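See below for the structure under consideration.
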Amino acid sequence: MKERLQALQQEALNKVEEATTLDELQTIRVSYLGKKGPITEVLRGMGKLSPEERPVIGELANKVREVIANQLDHKKADLEAQALEKKLETEKIDVTLPGRPVSVGGAHLLTSIVEEIEDLFIGMGFEVREGPEVETDYYNFEALNLPKDHPARDMQDSFYITEELLMRTHTSPVQARTMNEYKGNKPVKMICPGKVYRRDTDDATHSHQFTQVEGLYVDKDVRMSDLKGVLNQFAKQFFGEEREIRLRPSFFPFTEPSVEMDISCKVCHGKGCSVCKQTGWIEILGGGMVHPRVLEMAGYDPSVYSGFAFGMGPERIAMLKYGVDDIRHFYTNDVRFLKQYHKA
Ligand code: 2NL
């Protein structure tokens, strides 16, 4: 029996030595050390042995079992290490290779321009406010001194939802709403950016929907010189320190007096060239002192309060700043156009 156990051990160790896969090892483990294996069989037959032989053979059988199990464990660890080695070899990656470029989007040129304008005015203490694009006739026209049959309404024909509801033609109603909200007893210093709508035939310089940024400052003792100072600051920060501004008389129903502001041409610095149509100046916005009737309708006493207001079109400003030649580029969203203006 002793010889049989020793032979079994040798046989098992040889097989373990020759095994090349984990599956083979498992088969060996089951066939030698399993419940139906030869060692278990030897232990089961121990009853037939003499009491002197029994502990000797029992000890040997356990020893053989242990030796085989150890060897199996060693071999298993070896094979696993080899497998890992092989896996690492085949799955090797070169971390120094350049990455694949990821394409990232960016803000639309108009969005960037509007945000830039917002930042400049926030810097001068203005708050940014938004309001509805579908407006009442009252806030879009009447509150701005454009009564029902006023001829100036013709310049701002719109898209009507009902007799009394329309797509706003400017962002001024947001300002009229704000003045009402402030109940005529505290200053208003705000800008309102947003989409506006007009019944117009689209071409290179007209669009039935465009963007506006309007500003309003109402307080005690607000003067024309404040308007000029704020707009001059804006023009220099936005277009460059070297640019000059000039104000020309104009007309808007909601301001009196009204002005139009030009900036000096960056190409000829005022001498006259093809960019400024030989005038030396380029028109960029309109404004004026808030009409007393507009203040009054919003609940501000015009003998106590005064204010200035202005409005500009970011499309026009972007076109001037970047030389965009057709307003429709802003809305057709051809990425070849858009991505020229993505900031890094
Ligand atoms: C332009 C000119 C302007 C205003 C907008 C305004 C608003 C209130 C009261 C008075 Cl609540 N005025 N807004 C005033 C003058 C001109 O816009 O050319 N925009 C593109």
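The values are calculated or read from the model by the stated rules, or taken from the named source; none is laboratory data. None of these values were measured; they are calculated from a predicted model. All Cβ positions, even for glycine, are placed from backbone atoms using ideal geometry, and neighbour counts span all protein chains on display. When the accessible area is computed, the model is the full protein with side chains, heavy atoms only, and any ligands, DNA or RNA have been set aside. Shrake-Rupley method; radii C 1.70, N 1.55, O 1.52, S 1.80 Å.
Some values worked out for this structure:
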item	result
Yes/no for residue 255 being of a type outside the set (A, V, I, L, M, F, W, C), on the phi < 0 side of the Ramachandran plot and either under 35 Å from the mean Cα position of the chain (by Cα) or away from the ligand (no atom under 11 Å from the Cβ) (or both)	no
Looking only at the range 273-294, and only at residues there that are touching a strand residue (DSSP E or B) at 6+ places or on another chain (Cβ under 9 Å) and part of a loop (DSSP other than H, G, I, E, B), the one that is nearest to the ligand (Cβ to nearest atom)	291
Any hit, the range 216-232, residues being in a helix (DSSP H, G or I), small (Gly, Ala, Ser) and either at pLDDT below 95 or within 10 Å of the ligand (Cβ to nearest atom) (or both)	no
Residue list for the range 182-209, filter: closer than 19 Å to residue 128 by Cβ and either under 32 Å from the mean Cα position of the chain (by Cα) or not assigned by TED's automatic domain parsing to the domain that holds residue 286 (or both)	188, 189, 190, 191, 192, 193, 194, 195, 196
Count - residues of the range 295-344 that are within 14 Å of the ligand (Cβ to nearest atom), within 24 Å of the chain's Cα centre (by Cα) and either aromatic (Phe, Trp, Tyr) or closer than 25 Å to residue 226 by Cβ (or both)	3
Qualifying positions in the range 119-151 - assigned to a helix (DSSP H, G or I) and either within 16 Å of the ligand (Cβ to nearest atom) or open to solvent by 60 Å² or more (accessible area, probe 1.4 Å) (or both)	119, 121, 122, 137, 138, 139, 140, 142, 143, 144, 151
The one condition in (1) β-branched (Val, Ile, Thr); (2) under 30 Å from residue 329 (Cα atoms); (3) not in a helix (DSSP H, G or I) that residue 111 fails to fulfil	(3)
The range 66-79, residues that are touching a Leu at 6+ places or on another chain (Cβ under 7 Å) and open to solvent by 80 Å² or more (accessible area, probe 1.4 Å)	76
Within the range 237-247, considering residues that are farther than 15 Å from residue 312 by Cβ and open to solvent by 50 Å² or more (accessible area, probe 1.4 Å), the one farthest from the chain's Cα centre (by Cα)	246
Subset tally (residues that are out of contact with any Lys or Arg (no Cβ under 7 Å at 6 or more places or on another chain), open to solvent by less than 20 Å² (accessible area, probe 1.4 Å) and small (Gly, Ala, Ser)) for the range 273-310	6
The one condition in (1) aliphatic (A, V, I, L, M); (2) over 13 Å from residue 311 (Cα atoms); (3) surrounded by 18 or more Cβ atoms within 10 Å (Cβ to Cβ) that residue 231 fails to fulfil	(2)
